[in-house]
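The values are calculated or read from the model by the stated rules, or taken from the named source; none is laboratory data. No experiment lies behind these values; they were computed from the predicted model shown. We place every Cβ from the backbone using ideal geometry, glycine too, and count neighbours over all the protein chains shown. Heads up: the accessible areas ignore ligands, DNA and RNA and are worked out on the full protein's heavy atoms, side chains in. Shrake-Rupley method; radii C 1.70, N 1.55, O 1.52, S 1.80 Å.
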Amino acid sequence: MMTKKSLIQSPEAIEKMRIAGKLASDVLVMLDQHVKVGVSTEALNQIAHDYIVNEQGAIPAPLNYHGFPKSICTSVNHVVCHGIPSESKLLKDGDIINIDVTVIKDGYYGDTSKMWVVGNGSIMAERICKVAQDALYAGMKVVKDGARLGDIGAAIQEVVEPERFSIVREFCGHGISDEFHHEPQVMHYGKKGTGFELKTGMTFTIEPMINQGVWQTKILGDGWTAITKDRKLSAQWEHTLVVTDNGCEVFTTRPEEDLSFLTQ
Ligand code: MF3
Ligand code: CO
Ligand code: CO
């Protein structure tokens with residue numbers, strides 16, 4: 001791996017990421033009222049696209065990224081990630097959906113995703129969504145200057161494995177700044193005290209994908225949609241953050257979230 005430039009961001013870059021992160025989280029908040037039984041994932045894509053471009057004056061990063069055809073990713077039920085919005089995919093009662101939003105503002109990226117349970121979900125649907133969010137939070141909690149990437153992965157494993165869910169191996173979090181994806185690769189499993197050392201000013205995502213059954217995935221013929229091999233449920237939540245001396249600052253926090261655990 002070649003490091004082209006420092007992974008430590010300047011105060012000016014961090015301020016731009018604060019703004020991009022806030023815009024990305026605003027899109028998820030705005031989408032809340034539209035995620036309901038009967039809506040198509042393409043309608044959600046169109047609403048998000050128009051909001052990002054016309055209201056935010058920002059750019060939807062997924063659109064044309066390595067050929068991705070839409071402005072957001074919509075991943076329903078057994079779709080792990082990178083689901084392509086479609087007019088024929090209508091949300092139905094009990095579905096779970098991840099919407100993943102990435103915006104570019106003033107050259108910098110904000111990347112975040114969350115789950116919804118549509119209408120009345122099963123206990124399993126509710127539980128896998130909750131555990132995936134707890135897994136993200138457990139990973140965020142161990143971030144600080146001097147911590148190692150293995151600490152994040154281990155913290156996520158400690159939450160997920162006792163619940164008998166599995167952790168997807170093929171996709172990981174990533175460094176993010178004025179590029180969508182760069183070093184380091186943030187694995188969602190690992191060993192405490194091992195791996196790349198985090199430093200104040202590094203910016204990256206944590207985005208654990210957890211499965212009801214086996215961790216293995218496969219990619220559909222469209223070249224993007226990743227599904228669970230056994231077609232059981234999958235859930236994911238994502239935040240973008242910066243490492244600080246004592247913890248982290250999350251750029252993509254939504255108002256409904258209580259992240260006070262980060263400072264305790
Ligand atoms: N937002 C995704 C991530 O968390 C990446 C989507 S790439 C796309 O890294 F091309 F599928 F949009
Ligand atoms: Co990401
Ligand atoms: Co994302």
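Before moving on, here are some points about what is shown:
- Prolate/oblate/rounded label for segment 159-264 (Cα gyration tensor, a/c 1.5): prolate
- Partners for K22 among lysines (Cα-Cα distance below 17 Å; same-chain residues under 8 apart left out): K105, K114
- Three-way shape label, segment 26-168, alpha-carbon gyration tensor, a/c 1.5: oblate
- Backbone phi angles across segment 57-67, fed through the Karplus curve with coefficients 6.51, -1.76 and 1.60 (θ = phi - 60°), yield HN-Hα couplings of x, 10, 10, x, 5, x, 4, 6, 5, 6, x Hz in residue order; Gly and Pro are listed as x.
- Backbone HN-Hα couplings from phi across segment 234-247 [Karplus 6.51/-1.76/1.60, Hz, Gly and Pro as x]: 9, 9, 8, 10, 9, 10, 10, 9, 10, 6, 10, 4, 10, x
- Under 17 Å from the Cα of K232 - lysines, other chains or at least 8 residues apart: K92, K130, K218
- Protein heavy-atom accessible surface, 1.4 Å probe, per residue over segment 11-263: 41 Å².
- Residue ranges 229-239, 88-98 sort as 229-239, 88-98 when ordered by packing (mean number of other C-beta atoms within 10 Å per residue, highest first).
- Neighbour net charge for R148 - beta-carbon separation under 13 angstrom, K R +1, D E -1: +1
- Across segment 28-37, computed HN-Hα scalar couplings (Karplus, 6.51 cos²θ - 1.76 cosθ + 1.60, θ = phi - 60°) run 4, 4, 4, 5, 2, 5, 9, 7, 7, 3 Hz from first to last residue, x flagging Gly and Pro.
- Each peptide among 174-187, 113-126 gets the average number of other Cβ atoms lying within 10 Å of its residues, and from highest to lowest they stand as 174-187, 113-126.
- Trypsin sites (Lys or Arg not before Pro) within segment 1-50, DSSP loop, no more than 14 other Cβ atoms inside 10 Å: K4, K5, K36
- Shape of the chain, Cα gyration tensor, a/c cut at 1.5: oblate
- Using C-alpha pairs under 8 Å with a sequence gap of at least 6, the mean separation divided by the residue count of segment 11-263 gives a relative contact order of 22 percent.
- In the chain, helices alone account for a calculated mean residue ellipticity at 222 nm of -7500 deg cm²/dmol, with every DSSP H run of four or more residues adding -39,500 (n - 2.57).
- Protein accessible area in segment 11-263, 1.4 Å probe - carbon and sulfur %: 52
- Listed by chain and number, the aspartates and glutamates whose alpha-carbon sits under 20 Å from that of K5, ignoring those within fewer than 8 places in the same chain, are E15, D106, D145, D178, E179, E183, E197.
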